[in-house]
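Report on the structure given below.
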Amino acid sequence: MAEKKENLFDMFPPVSTEEWMAKITADLKGAPFDKKLVWRTNEGFNVQPFYRRDDIKDLPALGTLPGEFPYLRGTRDNNDWLVRQEVIGDTAAELNDHALHILNRGVESLGIKLGKDVKAADLATVLKGIDLAKVEINITCCPGCAVEVATELVKLIEAAGAVDTFRGSVAYNPFKRLLRHGLEFPKDAVAEGKAVYEAVKAVKGLRCFPVDSFLFNNAGAYITQELGYALAWGAEWLDMMTEAGLSVEEVACRIKFNMGISSNYFMELAKFRAARMLWAEIVKAYNPACECACKMCVHAVTSEFNQTLFDSHVNLLRSMTETMSAALAGVDSIETLPFDRCYKRPDEFSERIARNQQIMLREESHLDKVVDPAGGSYYIETLTASIAAQAWKVFNEVEDNGGFAAMLRKGEIQGKVNESGVKRHLDVARRKESLLGTNQFPNFNEMALDKLGECSCKCSCGCASEAPADGAVQYLNFDRAASQFEQLRLDTERAANRPKVFMLTIGNLAMRLARAQFSSNFFGCAGYEIIDNIGFETVKEGIDAAMAKEADIVVLCSSDDEYAQFAPEAFKELNGRALFVVAGAPACMDELKAQGIESFIHVKCNVLDTLVDFNAKLLK
């Protein structure tokens, strides 16, 4: 067989790009190619409907292997990421119990948050029974406590004989207050940072300078924004700490990027690849003695921005694709958030499912067995280059305006991210960005008030919402994409009466069914009771049926051509006994408005604003 190898596609003649374009142009029948098939991303570049080898032939680093500079294809020659999960508990003993519990169920990396009730002195209790030579430990604490926490952790590592094998981090983040509350860190950030480094330097695998760009992701930032600001944050660490006397290698090897993952599957995969390449070039510009300092250490965490209260099991679908993006991109560790995290403290079931999402991808889908499977893909390689170019523009803009810290102190980065969040909320309101179960295909009869629980946050320095303080600059807004729709539905649920929406379906069979489904989903987003029908012979029959059901809203569902007859007739027959809505935007809309018909729902509507108006009229 080895002597009879042949190219299986030799019998097919090659097809040129010109031939593909000619065929596509013919199929479009005169429609413009750029408007019909080219997609403009929110990140600021175009995506073509197809790519060819010629599109990637001039891209840099394509000839490199995984583990080779600039690390486009990964920083190592394997893809064995660590499964991480947050440890939950109110006391040191509870944290320890939970840590041991999840370690016995497949977790390899622990995220531990210390707050007012658990101090550095409690670390021995928190880590009791945990093999520090094998388990990655990542501790988040108040930045003012980082030196004390790092010192205590190093003592425990040395006592365990794990100095050479330990992996983990103590997150010293002096920028967190600016991002969350618009307030500066009250201590000397550079002096404190150097003290943290001195505390951890004996343990080579203990990182202490975090780049928490997942905060931008959770505030609604676009992919290139998160990456550009993450690179600027990393460069700020390099500038701050090298000016304080540390070498480039000492700083770069202690930086850990904690990045978010949105549900844009291929673009997120490309983001992590672009991140490694750009970060390697940034560090190289500082002339490190060892090229290994240019390697990016990346932890990825699934997004909170797109988690939803209603139909919350759909969060599993979102987090699964997000986890896949990060796994295939070759990150170092991943935390898949439990599907119920956005409305209560995760329980045993949701934590188990979150763990098993990663375990399934690794043990059943074997995503850890292939390094950089995207390598050479015309589409993903082009996405990687496009994201890198746009993120580099963001990075340079920050550098040109004084650097990351300077822009944070003015609230400028926070403001730009919040602008993107507002745009994304508007896109959700208009259904340009879909949230299954929230603004598209909601579960009409789901109630959620009983799902709401108390916030599990026990941190004293910036996790819980706080009122703006005097002198604060603008800070990040962490309202989830679904939050406004959820408030709408909760208002409906709290009301004494649940509005009833009656579908008056009449005329053209295909159009009335399609518009009844559209209208049911439209009003279902507000949690209204939907009364659908298969059709009526006359308008009067439909109105009588609606009144028998005590409908609050009657939606006429028919075809555009028939609305000129049916809409005035139905509006007159209803005679103000309920609100009247026409499903669609017919050509005769102006004539219908002249007759007193005011409400039309269609694909160009701002669904949220329209439903808020109905709530104001109907809820008592």
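The values are calculated or read from the model by the stated rules, or taken from the named source; none is laboratory data. Not measured: the values here are computed from a predicted model. Here Cβ is always computed from backbone atoms with ideal geometry, including for glycine, and neighbour counts include all displayed protein chains. Only protein heavy atoms, including side chains, enter the accessible area calculation; ligands, DNA and RNA are left aside. Shrake-Rupley method; radii C 1.70, N 1.55, O 1.52, S 1.80 Å.
Just a few scattered comments:
- Averaging Cα coordinates gives a centre for the range 400-431 and one for the range 124-169; these two points are 35 Å apart.
- Per residue value of the accessible surface for the chain (all protein chains in place, 1.4 Å probe), Å²: 45 Å²
- Efficiency of FRET between residue 494 and residue 545 - r from beta-carbon atoms, R0 30 angstrom, step 0.05: 0.55
- GluC sites (Glu not before Pro) restricted to the range 333-408 and DSSP loop, no more than 10 other C-beta within 10 Å: 364
- Cleavage-rule hits (trypsin sites (Lys or Arg not before Pro)) in the range 125-162: DSSP loop, at most 13 neighbouring Cβ within 10 angstrom: 134
- Charge tally around residue 340: other residues with Cβ under 10 Å, Lys/Arg +1 each, Asp/Glu -1 each, net +2.
- The listed residues 147, 603, 612 rank as 603, 612, 147 when sorted by accessible area, largest first, using a 1.4 Å probe.
- Accessible surface of residue 122, taken over heavy atoms with a 1.4 Å probe and every protein chain present, rounds to 50 Å².
- Protein heavy-atom surface of the range 462-620, 1.4 angstrom probe: 49% of the accessible area is carbon and sulfur, with nucleic acids and ligands not counted.
- For the range 1-157, carbon and sulfur atoms together expose 53% of the accessible surface, with a 1.4 angstrom probe and every protein chain in place.
- Cβ-Cβ FRET estimate between residue 35 and residue 128, R0 fixed at 60 Å, reported to 0.05: 0.40
- Cα gyration tensor of the range 138-285 - equivalent ellipsoid semi-axes, whole Å, descending: 26, 18, 16
- Modelled spin-label separation between residue 619 and residue 450, with each label point placed 7 Å from Cα along the Cα-to-Cβ direction: 2.1 nm.
- Exposure of residue 619 as accessible area (Å², to 10), given a probe of 1.4 Å and all protein chains: 40 Å²
- Separation between Cα centres of the range 20-94 and the range 485-559, rounded to whole Å: 42 Å
- Acute angle (nearest 10 degrees) that the helix 509-524 long axis makes with the longest principal axis of the chain, alpha-carbon atoms: 50 degrees
- Lys, Arg +1 and Asp, Glu -1 on Cβ, resulting dipole of the range 1-145 about Cα centre, debye, nearest 20: 320 debye
- Protection proxy ranking, peptides 48-58, 64-74, 370-380, average beta carbon neighbours within 10 Å, highest first: 64-74, 370-380, 48-58
- Carbon plus sulfur fraction of accessible area for the range 364-419, probe 1.4 Å, in percent: 48 percent
- Relative pair counts by distance (%), Cα atoms of the range 74-118, 10 Å bins: 28, 41, 21, 11, 0
- Antiparallel bridges, percent of DSSP beta bridges restricted to the chain (to nearest 5): 5 percent
- Only helices enter this figure: runs of n ≥ 4 DSSP H residues, each worth -39500 (n - 2.57), summed and divided by the residues of the chain, yield -13500 deg cm²/dmol at 222 nm to the nearest 500.
- Given a 1.4 Å probe and the protein chains as shown, residue 20 ends up with an accessible area of around 110 Å².
- Net charge over other residues, Cβ less than 12 angstrom from the Cβ of residue 407 (K, R count +1; D, E count -1): -2
- Using C-alpha pairs under 8 Å with a sequence gap of at least 6, the mean separation divided by the residue count of the chain gives a relative contact order of 14 percent.
- Using the Cβ-Cβ distance between residue 509 and residue 472 with R0 set to 56 Å, the FRET efficiency works out to roughly 0.40.
- When 447, 547, 259 are compared by accessible surface with a 1.4 Å probe, the order from highest to lowest is 447, 547, 259.
- Radius ratio Rg over Rh of the range 199-303, counting only Cα atoms, Kirkwood formula for Rh: 0.98
- Sites matching trypsin sites (Lys or Arg not before Pro) across the range 343-445 that sit in DSSP coil, with at most 15 neighbouring C-beta atoms within 10 Å: 432
- Labels on offer are [x] 84, 68, 52; [y] 122, 58, 48; [z] 77, 58, 44, and the one holding Cα extents along the principal axes in Å computed from this structure is [x].
- Neighbours of residue 93, meaning other residues whose beta-carbon lies under 10 angstrom from its beta-carbon, give a summed charge of -3 when Lys and Arg score +1 and Asp and Glu score -1.
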